Amino acid sequence: MSEDRNDEQNDTGGSNAMWGGRFAEGPSAIMREINASIPFDKALWRQDIAASKAHVAMLAAQGIVTEDDAGTISRGLDTVAAEYEAQGVPEDWDLEDIHMTTESRLAELIGPAAGRLHTARSRNDQVATDFRLWVRETIDQVDAGLVALQRALVTRAGEHAGSVMPGFTHLQTAQPVTLGHHLMAYYEMIRRDRSRFADARARLNECPLGSAALAGTGFPIDRQATCDALGFDRPTANSLDAVSDRDFALDYLQAAAQCALHLSRLAEEMILWASQPFGFIRMPDTLSTGSSIMPQKKNPDAAELVRGHAGRIVGCLTALMVTMKGLPLAYSKDMQDDKPPVFEAAGLLALSIAATTGMVADSTFDTARMRAAAEMGFATATDLADWLVREADIPFREAHHITGAAVKLAEERGVALDKLALEELQAIDQRIGEGVFAALSVDASVAARASYGGTAPDQVSDRVAEARKALGME
């Protein structure tokens, strides 16, 4: 009994067993670790320096600090930025975040004047401003990446405007399309993604700086000046909303998640196409891996990781939505957790876009195999039905039934529809004439789909030309 009590005393002396051996200082060590955001918000250092320089310049212009102090502070901030650029941002958890880390180093460099920098602002409006600046820059980088992906898609689509392949619904052969048409479908998806990011950027481009902790400030600041200096369109109109709003981060994540879903769909198709049963595509060696025990394998790992990253990006969106769902106005410490999911999603999305661009640009398409697959899947069955409606004046439902019988016969014979003899087709329905064969080839089928936005090669070429102009490729 006494031995047990001694063990218990040993456990609780020095470090409380409730906290674990890692927290030698007890609950205060836990608070230090849970409260510190410097391990991740150090990524905002460039934005924090820029916003601080804009703020102190405004303070001087308004006579709130002297020109001498403002100049000293601004030069000190330049020195801190140079140190961060060369050596990275130090992680002192006692300083909690990038804002206090920078201000502390500034004080070491220039002395008491550093304390004037925080006049008429709070860490609440400071971080809201820094984070908006970071997301805005990230959106611009994403858009540049998506333009590169669109250009790769358009280039390959132009090369394959007339390359026939099977089009699928339910992953079953449906109608023949062209590879160019298929690739341009993803161009359209990415076009919508770019518009969503642009919308998100337009909404976020309001400056919270000057909202202070939550109620604004009594100092005679000029919010338009800091807004203009940082490239925002306007100052935020409500200080409570400004410091507690993370809609801009959610907007970014929602656009990122939708974009990741599109990249994942393309990755999935490329994975299927690269498999031996399909054999439509050969992935670039630079974005594939081998097997540790099966020397014949060439695994589409980059595509699989793009597909996997989509799930993580959707998870980042969900994480921030759940964090924000029940917060009262204004700022709450929960919002410190807003940055990790955005940073994670941004990194994953940038990698996914780059990998997808490389796969599209450098893959080799086996157009002969694609064409053969289109010819073998009865993909022109709809063309037979359409011919019966157009040439024999048969109601579509009846034509559908006749076509089904023809497909069954071709399947039993193991031939394509256009390889059935006229006599065999007329045995199904006497109204089928010799002219039907002009409609049953895969080339005739794709050429017939000449409505705007259709798969006819001329239509695909027209869409490619429009896209090239929109992307400045001409």
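The table below lists the values:
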read-out: Convex hull volume of region 377-471 per residue (C-alpha atoms, cubic angstrom); value: 98 Å³
read-out: Heavy atoms of Arg234: accessible area, 1.4 Å probe, square angstrom to 10; value: 100 Å²
read-out: Assigned charges on the beta-carbon of Lys, Arg, Asp, Glu; the chain dipole about Cα centre (debye); value: 860 debye
read-out: Built amide H within the under 5 Å cut-off of Asn299, gap 5+; value: Thr289, Gly290
read-out: The chain - Cys residues lacking any other Cys C-beta under 4.7 Å; value: Cys259, Cys316
read-out: Lys pairs, the chain - Cα-Cα below 20 angstrom, 8 or more residues apart or on other chains; value: 6
read-out: Highest to lowest packing among 207-217, 357-367, 426-436, scored as the average C-beta count within 10 Å; value: 207-217, 357-367, 426-436
read-out: From the coordinates shown, mean projected area of the Cα convex hull in nm² corresponds to which of [x] 22.8; [y] 29.7; [z] 35.7; value: [z]
read-out: Probe 1.4 Å, all protein chains present, accessible-area order of Asp251, Asp78, largest first; value: Asp78, Asp251
read-out: Rg(Cα) / (2.2 N^0.38 Å) computed for region 190-327, rounded to two decimals; value: 1.56
read-out: From phi via Karplus (6.51, -1.76, 1.60), per-residue ³J(HN,Hα) for region 235-242 in Hz, x at Gly/Pro; value: x, 5, 8, 9, 5, 4, 5, 4
read-out: Size of region 77-151 as Cα extents on the principal axes (Å, biggest first); value: 53, 29, 23
read-out: Rounded, prolate or oblate (a/c below 1.5 giving rounded, otherwise prolate when a/b exceeds b/c) for region 322-398 by Cα gyration tensor; value: oblate
read-out: Stokes-Einstein D (µm²/s) once Rh is taken as the Kirkwood radius of region 29-116 over alpha-carbon pairs, at 37 °C in 0.692 mPa s; value: 245 µm²/s
read-out: Cα centroid of region 307-385 to Cα centroid of region 430-474, whole Å; value: 29 Å
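The values are calculated or read from the model by the stated rules, or taken from the named source; none is laboratory data. What you see is a predicted model; the values in this text were computed from it and never measured. Because the Cβ atoms are built from the backbone with ideal geometry, glycine has one as well, and the counts that use them run over all protein chains shown. SASA here: full protein model, heavy atoms, side chains in, ligands and nucleic acids out. Shrake-Rupley method; radii C 1.70, N 1.55, O 1.52, S 1.80 Å.
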